[in-house]
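Structure record follows, encoded as structure tokens.
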Amino acid sequence: MADYQTHEHDVIVIGAGGAGLRAAIEASASGVSVGLVCKSLLGKAHTVMAEGGIAAALANVDDRDNWKVHFADTMRGGQYVNNWRMAQLHAQEAPARVRELEAWGAVFDRTPDGKILQRNFGGHKYPRLAHVGDRTGLELIRTLQDHGIHQGISVYMERTVVRLLKDGDRISGALAYDRERGRWTVFKAKAIILATGGIGKAYKITSNSWEYTGDGHTLAYDVGAELIDMEFVQFHPTGMVWPPSVRGILVTEGVRGEGGVLRNKEGKRFMFGDIPENYKPQTAADEEEGFRYVLGDKEARRPPELLTRDHVARCIVREVKEGRGSPHGGVFLELQTFAEWFGKKSKGFNAAEHWKKKLPSMYHQFKELGGLDLTKESMEVGPTTHYMMGGVRVDSDSQMSRIPGLFACGECAAGINGANRLGGNSLSDLLVLGKRAGEYAAQYAKANPATTIHTEQVDSAAKWALAPFDRTSDENPFKIQADLQDMMQDLVGIVRKEDEMQRALEGLEKLKARAAKVQVTGNREYNPGWHTALDLHNLLTVSEGITIGAILRKESRGAQFRDDYPKKDNAKFGKVNSIIAKGPDGKMQIRLEEIPAMPQELKDAVMAEAGGVLPDELK
Amino acid sequence: MATVTFRVSRGDATKTEFKDYTAETGEGMVVLDALHQIQATQAPDLACRWNCKAGKCGSCSAEINGVPKLMCMTRLDDLPTDAPIIVEPMQAFPKVKDLVTDVSWNYEVKKKIKKFKPRKPDNADGTWKMMQEDADRPQEFRKCIECFLCQDVCHVLRDHHKHDEFIGPRFFVYTAALEMNPLDTEDRISDLKNRDGIGYCNITKCCTKVCPEHITITDNAIIPLKERVVDEFYDPVLKLIQLVFRPRKKESEA
Ligand SMILES: Cc1cc2nc3c(=O)[nH]c(=O)nc-3n(C[C@H](O)[C@H](O)[C@H](O)COP(=O)(O)OP(=O)(O)OC[C@H]3O[C@@H](n4cnc5c(N)ncnc54)[C@H](O)[C@@H]3O)c2cc1C
Ligand code: SF4
Ligand code: SF4
Ligand code: FES
């Protein structure tokens, strides 16, 4: 029998990023007891790294903005396979969630008349991202953390949940080990909210940290919840490419939002050469117009560098493939062209000071890690695995999965982003849908009786988790993880093909067999080898989900680009989502499901921003 | 490529020893990369914290050749490589294992500091008017990534172990961010004097030197707070004038 401690709460939140914290604050404000569990220390979750901003139609900088435009932008960005109800709630409620942060102590950058300043970002029609320089995520997480610690929430840091527990159909708790000593804790609860973030560690080149191993996705899948849209993995166009040790680290889209220009090795600004039809009406005709847009000229249209991420990433891949890349396999991103242009118009302009103020952490990052001064030199950038659009399928209003009492929000939940997320929409999603998850989980906990923990579930999970200590084999967890990352990068990356993905499926079977033999040395105290060994199950599960989703969707849409099906196929795939669940035989099953029809009011909002024409997907 | 020796502190609270490992270095490599290499090839149970690998989360604090630093922002080409590079955990906190220390004290301290209490909103939609020049000061302090390197280096904690009477530079920065937020109406000055031990700080500025976010902890946070404490407690005349003629806060930092 496993030896474990028990902590009981009405609601347990797994994950202390923006989504988990916001959910915990809401649940505890409605009077239930809340426990918050996270793998790292409080305040270190991925949210802390977000740079560019939070999207919300506050209309502080451009008064033409409103929720309908934000909604239409989000749907267009997601290529209309988003859950429209979530996108609607998100656009409607984001402004209130941002203002609330200010009431809790956040100090955003200001407009000249003393309001929250908003900046341009890819795919957003108006300047919409509330921000603090390029460290918006830090402001968001710290504000929630500093507010949350006075709310009576019990925080359990450095504990990793390895299994969810059930009582009949209902969720009843979670089993976790503490990193420090490797001891077991059972968190008993009436409702559980997953807010565990993404899956980036399934790939070699990523902006994501060790935490992003798809835990929430897998925990939910293993107890019978559905996953949706798993084929849609966002590759951010601009990660660092040099030196090798920082490969993948993010270069915020804010650099392009503030006037950054992409060039190939011939010095050509290649983005002007490839503007998709449906974005033509919104894109600048020339350099001059693009720069005027950056400065906030309402007549001007956005520069092509601010097209959606999937498109910019693919253009960069093309330049590199066709031999026009930078020395280390990326392209150049530079701020000097804008600075020169602006310098001519505005006499007192000091480029170095300007960029240091606008992009302080990027300046710092390149200076200290890349050894270059971005105010004077070009950066080298290339795509990096960044964000997971796919995740736990939940109800749009309550965020509950099909397992009673199991909720999910933030990056590990899915629906709102469709085939591609717009920058800035994640932080706002964390707040809006995180709050909803907290509210509805508390409601659920109040309306339902206590659950029972079934110790045989605890025992079997604990036994599974400790098995690697007793094995003798030469399967090293770090090596298996690295091999998986290499394979996913090569075979299920930005540009996908049927035969390569079939090979990936075979590769996954082999990796699963190796993972079943993985061995760890040392003891249970703070042992990264052991932790990595346990993460493998999650990484393998989400990798399989991504691969079968990408195989099933025989078209190119948003973040999914199929070399063998380079076009959108609206007739077959324009109105459907892929849904994954565990079959009765324990194998992963996938099917397509029709998206419910959009109400007329929302269709009108989309049409208003699409030149009066209803996109084929919505017909 | 060169081979560099790392002398890493291994062990837990009961027993600690240095162990030597070698790592192959490459261009642009940082200390954290080398530790990951050692983990993957030689010591899979070597414990260290990290998240962002870009100086944004404040997880990877350690002492490198005796200097408190973020491991992810310390490049090998800035260190002498003819001798072993010594990597140790922070010294001001109890050791858990290898490079991991128990920093929970910091979280307890923060809870005791009175939270943000804004004045009534200026506008009907619940928003406030705040100019950028008023936002600048708290924004400097809000850059803090809670790496606790300043806590580690401060002699009041590191050498004199005044953890019960002194909140440390990190939390003076935190208090300053609240006190200098133009919307805040709370009063934390008597706590600073009586509970938080601001008097123990003798302005050595060691904390400012190690701050990876380049926050001017001493000059911009601690000294103005000390001035407020002096204003409030030792100068009743000044205090009376302040009470009668102007709101207590804000002007003093002008
Ligand atoms: C470099 C970077 C920059 C970004 N910039 C922006 C931006 O400007 N704007 C924007 O909108 N979005 C941005 N994003 C995306 C956005 O930051 C993330 O999508 C978002 O922060 C995810 O928040 P979350 O609350 O879902 O998860 P996270 O903040 O990642 O939190 C996950 C939490 O779950 C915990 N956890 C995970 N697994 C377990 C487990 N098994 N047991 C216990 N706890 C667990 C973790 O410890 C952590 O506390 C950026 C992302 C990156 C990487
Ligand atoms: S200036 Fe004060 S707080 Fe900072 S290290 Fe010196 S004594 Fe400590
Ligand atoms: S003030 Fe600086 S050194 Fe201190 S915790 Fe914050 S970032 Fe670290
Ligand atoms: S890993 Fe985040 S600061 Fe070093």
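The values are calculated or read from the model by the stated rules, or taken from the named source; none is laboratory data. These numbers were taken from a predicted model, which means no experiment stands behind them. Glycine gets a Cβ as well: all are built from the backbone with ideal geometry, and neighbour counts include every protein chain shown. The area values use the complete protein model at the heavy-atom level, side chains included, leaving out ligands, DNA and RNA. Shrake-Rupley method; radii C 1.70, N 1.55, O 1.52, S 1.80 Å.
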Practice task
Average the reciprocal distances over every distinct pair of alpha-carbons in segment A:460-586, invert the result, and give the Kirkwood radius in Å.
Solution key: 16.3
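Normalised by the empirical 2.2 N^0.38 Å for globular proteins, what value does the Cα Rg of segment A:510-557 take?
It is 1.58.
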Exercise for the section: Just the number, please: Stokes-Einstein D of segment A:349-446 in µm²/s, Kirkwood Rh from C-alpha pairs, 20 °C, 1.002 mPa s. Expected result: 131
Completion exercise
Simple SL model, points at 7 angstrom along Cα→Cβ for B:N123 and A:K510; separation in nm is 6.0
Practice task
Return the sequence-ordered ³J(HN,Hα) values of segment A:346-352 in whole Hz as given by the Karplus equation 6.51 cos²θ - 1.76 cosθ + 1.60 applied to θ = phi - 60°, using x for Gly and Pro.
Solution key: 10, 4, x, 5, 10, 4, 4
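So what's the back-of-envelope 222 nm ellipticity for the protein assembly as shown, counting only DSSP H runs of four-plus at -39500 (n - 2.57) apiece and dividing by all residues, rounded to 500?
Helices in the protein assembly as shown give a 222 nm mean residue ellipticity of -10500 deg cm²/dmol.
Treating the beta-carbon of each Lys and Arg as +1 and of each Asp and Glu as -1, no other charges, what is the dipole magnitude of chain A about its Cα centre, to the nearest 20 debye?
260
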Completion exercise
Inter-chain shielding metric for A:428-440, i.e. average beta-carbon neighbours from other chains within 10 angstrom, reads 0
Completion exercise
Inverse of <1/r> over all distinct C-alpha pairs of segment A:241-383, i.e. the Kirkwood Rh in Å, gives 15.6
Fill in the blank from the handout: In segment B:1-108, the chymotrypsin sites (Phe, Trp or Tyr not before Pro) that sit in a DSSP loop and have at most 16 other Cβ atoms within 10 Å of their own Cβ are none
Fill in the blank from the handout: Expected sort for A:124-133, A:559-568, B:76-85 on mean C-beta neighbours within 10 Å, highest first, is A:124-133, A:559-568, B:76-85
Problem - Contour minus Cα-Cα distance for A:K298 and A:R503 (0.36 nm per residue) - result: 68.8 nm
Practice task
Using only atoms on other chains, find how many Cβ atoms lie within 10 Å of each Cβ of peptide A:169-181 and report the average.
Solution key: 1
Completion exercise
Here the alpha-carbon Rg of segment B:1-100 over 2.2 N^0.38 Å rounds to 0.98
Handout entry: Packing rank of A:597-608, A:331-342, A:301-312, where each peptide gets the mean count of other beta carbons within 10 Å, highest leading
Key = A:301-312, A:331-342, A:597-608
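I'd like the interface area for chains A and B: accessible area of each alone minus the complex, both sides summed, 1.4 Å probe, protein heavy atoms only. What is it in Å² to the nearest 100?
For A against B, buried area totals roughly 5000 Å².
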Problem - Average Cα contact separation per residue, chain A, under 8 Å, 6 or more apart, as relative contact order % - result: 22
Practice task
Would you mind giving the mean number of other chain beta-carbons within 10 Å of the Cβ of each residue in A:39-48, as a whole number?
Solution key: 5
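State, to one decimal in nm², a quarter of the convex hull surface area for the C-alpha atoms of segment B:104-238, i.e. the direction-averaged projected area.
Numbers: hull surface 36.4 nm².
Seen from a random direction, the Cα hull of segment B:104-238 projects 9.1 nm² on average.
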Handout entry: Isotropically averaged projected area of segment A:80-196, using the convex hull of Cα atoms (one quarter of hull area), nm²
Key = 11.2
Exercise for the section: Would you pull out the residues with amide H under 5 Å of B:V96's amide H, same chain only if 5 or more places away, H placed 1.01 Å from N? Expected result: B:T101, B:D102
Exercise for the section: Would you grab the residues whose amide H sits under 5 Å from the one on A:A408? Only those 5+ places off in sequence or on another chain, please, with H modelled 1.01 Å from N. Expected result: A:L194, A:S401
Handout entry: Rg/Rg_ref, segment A:541-619, where Rg_ref = 2.2 N^0.38 Å and atoms are Cα
Key = 1.33
Exercise for the section: Give the Rg (one decimal place) followed by the Dmax (whole number) of the protein assembly as shown, computed from C-alpha coordinates and expressed in Å. Expected result: 26.2, 83
Completion exercise
Taking Cα atoms only, Rg over Rh for segment A:151-261 with Rh from the Kirkwood formula is 1.08
Exercise for the section: Calculate, for the protein assembly as shown, the solvent-accessible area per residue in square angstrom, rolling a 1.4 angstrom probe over the heavy atoms of the protein chains. Expected result: 35
Problem - Debye intensity ratio in log₁₀ form over the Cα atoms of chain B, taken at each q of 0.11, 0.14, 0.17 Å⁻¹ - result: -0.67, -0.95, -1.23
Practice task
Could you pull the Cα extents of segment A:116-178 along its three principal axes, largest to smallest, in whole Å?
Solution key: 49, 29, 20
Handout entry: Relative contact order [Cα under 8 Å, 6+ residues apart], segment A:241-383, whole percent
Key = 30
